[in-house]
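First up is the structure itself, then whatever we jot down about it.
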Amino acid sequence: MSVNRVQPPLRVVLTDINATVVEAWRAAFADTAGVEIRRGSILDEDVDAWVSPTNSRGRMDGGVDAVIKRHLGAGIQLRVQRAIRSRHAGRLPVGSAVCVPSGATAPRFLISAPTMEESAQNVSETLNVALACAAAFQAVHRQNSVTPGSITSVALVGMGAHTGRVPARVCANLMWTGHTLFQDHCFEDDDDLRGTVTAQLADIDSAPVEQRIRITPPARRTSRR
């Protein structure tokens, strides 16, 4: 089931140490309000939630995951994997995300969204970045539906642009797609999210690499009496 909800403004910070990714974001998000872009480490961002691109098992053994685990402590991986076990039977599909307490004052939450099934997998020929980014933002919707206003700011890195080997411009455009879908729609069902994203991006290979694609949210379902 999917629903539309009015959400309070969300401050989004896109930050990465890779200058090519940062420049690609500047092009893709040039006309997008509420998004800050800078070059640097996510560890420097004082926001309510960090988004970490992970693998389906929640093993924080490489890339940004490993950096965050070193910073927050080994307990963060235990919390992520516990959430994956309890909500997804131990394997978090691409197109889903979990939001857990970080154990720190800032950020207060970590959102883990897999861009790949296994560690260091090449996902350059997939839609995984769009799915992961959309799922991460939907996790913000869901956390705020449980505790309104608990996440008012979030920081993300270049999803899949490092170990996933997704080209910077493709990464930026797919992240723009995921962010725009967050602005337009709230999914309560991950299958609805995956189906909507996959169906509308199925022919993306035939589109110019610089083209941004806005996903049309599904029509609201009305009950029959």
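Listing for the model above:
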item: THR216-THR198 pseudo-label distance in nm [points 7 Å out on the Cα-to-Cβ vector]; result: 2.1 nm
item: Helix runs (DSSP H) in the chain reaching 15 Å along axis by Cα, Kyte-Doolittle at least 0.5; result: 128-146
item: Dipole axis of the chain (+1 Lys, Arg; -1 Asp, Glu on Cβ), positive-most option in ASN144, LEU92, MET159; result: ASN144
item: Cβ-placed point charges (K, R +1; D, E -1), dipole of region 8-206 about Cα centre in debye, nearest 20; result: 720 debye
item: Computed FRET value (nearest 0.05) for ALA106 with ALA207, which takes r as the C-beta separation and R₀ as 41 Å; result: 0.60
item: Cβ-derived FRET efficiency at R0 35 Å, SER124 paired with ASP191, nearest 0.05; result: 0.90
item: Convex hull volume of the chain per residue (C-alpha atoms, cubic angstrom); result: 118 Å³
item: Spin-label proximity, GLU36 to region 119-161 - amide N less than 17 Å from point 7 Å beyond Cα toward beta carbon; result: 151-158
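Read-outs throughout are calculated quantities, based only on the coordinates presented, and are distinct from any laboratory measurement. Note that the structure is predicted; figures quoted are calculated from it, not measured. For neighbour counting, all protein chains shown are included, and Cβ atoms are generated from backbone atoms with ideal geometry for every residue, glycine included.
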